[in-house]
Amino acid sequence: MISERFYGIGEPLIQRERDTHVPAAEYLDLVKALGCMAYRSWMHLTEILKDPLTPDEEAVSAHTELLDRAVELDLEVTGMSHEWFLPEGCIQHTGHAVPRRDLTEGSLYRQTLEMLEQSWFTMVSLFPQVSQWEVGNEWNINAFLQPDGFLDSDMSKPFSPEEKLDIAVDLMYFAAKGIRRANPNAKVVSFSPALSTPWLGGNLPDFLPPMYGIAWTLDKIYSRIRSGKFWSTDPDDYFDLVAWHPYQMSTCQDKREADLFLHIEEPDHLWKDYNDAAYRVMCKYGDAEKQVILTETGFTDCGDPNLEKMQAEYTRKLLQLAGELPYVRTIYNFRLLTETGMLEKQGIEKNQIGGRAEVYFGFFEEPHKNCRPRLKAYVLQEAAGGNEDLAAAGKKVALLRKKS
């Protein structure tokens, strides 16, 4: 039987408020209209805090309003951050970067870990509304875990796949310490691995479908924890819930990056086995009782009506398959809204992860299009048991748009 919090949706709503001029909290009515009972919120440490000790009161107020509305609507919230602070002496002040791993007391790396623990303590103390905290995003690829100064200097020298996972274990341990000091009742969610391919910074063999990179990565994480060479041999000291991003990717080995989202096959037993393989890793290391959160999954059609229709049915199939995974607590669909505003921002193809494909994951159009529900919104609503008029709900939210 699936969890009452099984159907969820993710969207950086504070950011979307700035872009669309609709109050972030009002968008949660669309989440509820879909029948979803869980919401994943982008809550970066570096946007809510001025430094590890000091909240940004304006940012705290904005997130508090959003989270209080989530409580009113009985939406379980997973808060996620994938940025942090770096100490003086680093090239960067914030970002997805860390200095080279050096466990010597007082090193820049150890200072980074200690700042991370303090940052999470400060953050979690501010938001008791959040019941679970996801401590990182896709640290198995170069885009989200990189050497200090990587993007500003030599992009040919990223961390190796093994270096990234050594660091990921450290980051999870120190993040968990901070979260639990602040709120012992909050659950710590592992970082969410995604596909693992050589051109993105992973080391999954090329002959395997890229989404087996999740299981591949988890095995390396668990083996490190159990090795006795890190902070604790108990996975409980690193996370309470396990997360990953089970997108349906193309199995064509000649496709790269955004093409993996577009040249896809219908989800079937292979998609299910991507997830079962990751869970088999958990079982291998004695973590069979832990619940799993599928923190991102979804489809992008690049604005093609034919693809939209096809992917609505792919969404139906994927949700059905996910419902057959007894270890899954929540599946977070990515994302609530399209983001065509990205197309107007400078250099989207160069600067936006996923390029044009990133724009069209949304279940609703944006306010200037009356938040029109897209075809897959009706599919998700049917699965989740929602019964509101989605078009009417969208128009109601769109009317709240303020003039910029």
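Data table
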quantity: Residues with amide H under 5 Å from that of residue 201, placed H, sequence gap 5 or more; calculated: 142
quantity: ³J(HN,Hα), Karplus 6.51/-1.76/1.60, whole Hz, each residue of the range 235-246, x for Gly, Pro; calculated: x, 4, 7, 10, 6, 9, 10, 9, 10, 7, 10, x
quantity: Surface share of carbon and sulfur [accessible, 1.4 angstrom probe, percent] for the range 79-206; calculated: 53 percent
quantity: Anchor residue 402: lysines whose Cα lies under 21 Å away (excluding residues fewer than 8 positions away in-chain); calculated: 345, 369
quantity: Per-residue HN-Hα couplings for the range 13-19 [Karplus 6.51, -1.76, 1.60; θ = phi - 60°; Hz; x = Gly/Pro]; calculated: 6, 5, 4, 5, 4, 5, 7
quantity: Global form of the range 1-121, assessed from the alpha-carbon gyration tensor, a/c cut-off 1.5; calculated: prolate
quantity: Solvent-accessible area per residue for the chain (1.4 angstrom probe, square angstrom); calculated: 41 Å²
quantity: Spatial separation of Cα centroids for the range 360-404 and the range 59-101, in angstrom; calculated: 27 Å
quantity: Amide H contacts of residue 78 (H built 1.01 Å from N, under 5 Å, at least 5 apart or other chain); calculated: 39, 40, 41
quantity: Length added when fully stretched, residue 306-residue 369, from 0.36 nm per residue minus Cα-Cα; calculated: 20.7 nm
quantity: The range 270-280 - phi-based ³J(HN,Hα) in whole Hz, Karplus 6.51/-1.76/1.60, Gly and Pro as x; calculated: 5, 4, 4, 6, 3, 6, 4, 4, 5, 5, 4
quantity: Cα→Cβ-extended label distance, 7 Å offset, between residue 107 and residue 207, nm; calculated: 3.7 nm
quantity: Of all DSSP beta bridges in the chain, antiparallel share, percent nearest 5; calculated: 15 percent
quantity: Exposure rank, largest accessible area first [36, 283, 90; 1.4 Å]; calculated: 283, 90, 36
quantity: Interchain or long-range residues, amide H under 5 Å from residue 95's placed H; calculated: 84
quantity: FRET E, pair residue 51, residue 160, Förster distance 30 Å, beta-carbon r, rounded to 0.05; calculated: 0.45
quantity: Fluctuation leader among 120, 133, 231 - the chain, Gaussian network, Cα springs under 10 angstrom; calculated: 231
quantity: Inter-label distance for residue 72 and residue 277, nm, one decimal - labels placed 7 Å from Cα along Cα-to-Cβ; calculated: 4.5 nm
quantity: Per principal axis, descending, Cα span of the chain in whole Å; calculated: 59, 49, 44
quantity: Spacing of the two label points (7 Å from each Cα toward its C-beta) at residue 389 and residue 131, in nm; calculated: 3.2 nm
quantity: Computed [θ] at 222 nm, deg cm²/dmol, the chain (DSSP H ≥ 4; -39,500 (n - 2.57); rounded to nearest 500); calculated: -12000 deg cm²/dmol
quantity: Average Cα contact separation per residue, the chain, under 8 Å, 6 or more apart, as relative contact order %; calculated: 18 percent
quantity: The range 254-325: relative contact order as a whole-number percent, Cα under 8 Å and 6+ apart; calculated: 46 percent
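The values are calculated or read from the model by the stated rules, or taken from the named source; none is laboratory data. Keep in mind the model is a prediction, meaning the values are calculated, not measured. Backbone-built Cβ (ideal geometry, glycine too); neighbour counts: all protein chains shown. We work out accessible area using only protein heavy atoms, side chains counted, and drop any ligands, DNA or RNA first. Shrake-Rupley method; radii C 1.70, N 1.55, O 1.52, S 1.80 Å.
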